Amino acid sequence: MKFEIELSSAEGKKKHIVELAQINGMHSVIIDGRLLDADAIQVSPNTVSVILGGQSFEINLSRSAGGKLKLQCGPHEYSAEVMDPRAWRGRNLGALEVAGRQEILAPMPGKVVRLLVAAGDAVESGQGLLVVEAMKMQNEIRSPKSGKVERLLAKEGQNVNAGEVLAWVD
């Protein structure tokens, strides 16, 4: 499978051609013509552990309100738009939304500095729920779906660990 991926960050935008392949029973990825061994496993609902070319990465994934993917890898944050050449260009990616009750997890260890909603509040997909400060950067944790904040387990000033449940949205 071949994809064109546009990554946006504070440093700007860059397009990459990414091809997923299985060569001699091993998973590989070809990025801009460079072949790398690859392995990935989902470690929690929105977190993937990836080994790419012998390096290990933990990537937190979420969908932004505009339908793009938000990727967080350590202190780096990217917005990614994936273009599949086989896909119909007119479809609305922003309409995709997770279904069912969703737990909202802390993407990294840090401190809850601000609550943006309360239990019982109605939220839209992509709406900010709370802000976690990690490594002197504030990260807004957003709702993966439209619904109602069922439970809010975090409190302002609370220290949290990576993967800790912060809230439930139903």
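The values are calculated or read from the model by the stated rules, or taken from the named source; none is laboratory data. Since we're looking at a predicted model, the values are computed, not measured. In this analysis, Cβ positions are derived from the backbone assuming ideal geometry, glycine residues included, and neighbour counts consider all displayed protein chains.
Return yes when Glu11 is over 28 Å from Gln138 (Cβ atoms) and modelled with pLDDT of 85 or more and no when it is not.
So Glu11 fails the test.
Those residues that are modelled with pLDDT under 90 and loosely packed, with under 12 Cβ neighbours inside 10 Å, I need them from segment 118-136; list them, please.
Answer for segment 118-136, where residues must be modelled with pLDDT under 90 and loosely packed, with under 12 Cβ neighbours inside 10 Å: Met135, Lys136.
Would you mind stating whether Val113 is out of contact with any helix residue (DSSP H, G or I) (no Cβ under 6 Å at 6 or more places or on another chain), over 22 Å from Ser79 (Cβ atoms) and surrounded by 13 or more Cβ atoms within 10 Å (Cβ to Cβ)?
Criteria met by Val113.
Restricted to segment 14-49, and to residues that are among the small types (Gly, Ala, Ser) and either outside the structural domain of Lys68 (by TED's automatic domain parsing) or under 28 Å from Ala162 (Cβ atoms) (or both), which residue is modelled with the highest pLDDT?
Ser49
What are the residue pairs meeting all of these: first residue in segment 125-137, first residue not assigned by TED's automatic domain parsing to the domain that holds Pro75, second residue of a type in the set (Ser, Thr, Tyr), Cβ atoms under 7 Å, and 6 or more apart or on different chains?
As it stands, the answer is Ser125/Ser143; Ser125/Ser146; Gly126/Ser64; Gly126/Ser143; Gln127/Ser143; Leu129/Ser143, since those pairs meet every condition given.
Take Glu140 and tell me if it is modelled with pLDDT of 85 or more, part of a strand (DSSP E or B) and over 16 Å from Glu77 (Cβ atoms).
No, not satisfied.
Please specify each residue of segment 144-167 satisfying the condition of being surrounded by fewer than 19 Cβ atoms within 10 Å (Cβ to Cβ), assigned to a strand (DSSP E or B) and not polar (S, T, N, Q).
Selection gives Lys148, Glu150, Arg151, Val165.
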